[in-house]
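Okay, so here's the structure we're looking at.
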Amino acid sequence: AALAPEARGVALAGAGACGGFLWFNKPPATIYLGDAGSHVLGFLLAAAGIVCVRRVTAWPGLLGAALLLGALLFEVWLLVTARRAKGGAA
């Protein structure tokens, strides 16, 4: 939030969500992040990163966006592939 004013809202929302999760997840844990929560955090990081790289020239900005989204999409692909290999639903 301090480094990129354009992404301040997304960064503060993500930080608040992580802080609330950590507060309620102190030992003994009462809640768990799970796949859905980790995907939301990954999306928030990617969205904040995309907002940050928009002010860079075209090619570095596109490369940064591709790397950020590529990591998120790779994680989802890996999760679906692993669950299918175990015989579970995707």
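Where a number appears in this text, it was derived from the coordinates with a stated rule and is not lab data. If you're wondering where the values come from, they're calculated on a predicted model, not measured in any experiment. As a convention, Cβ positions derive from the backbone with ideal geometry for all residues, glycine included, and neighbour counts pool all protein chains shown.
Quick one: Karplus J couplings for segment 27-34, per residue in order, coefficients 6.51, -1.76, 1.60, θ = phi - 60°, nearest Hz, x for Gly and Pro?
Using θ = phi - 60°, the values come out as x, x, 4, 10, 9, 10, 5, x Hz.
Along the Cα→Cβ direction, 7 angstrom out, place labels at Ala17 and Arg83. What is the inter-label distance in nm?
1.8
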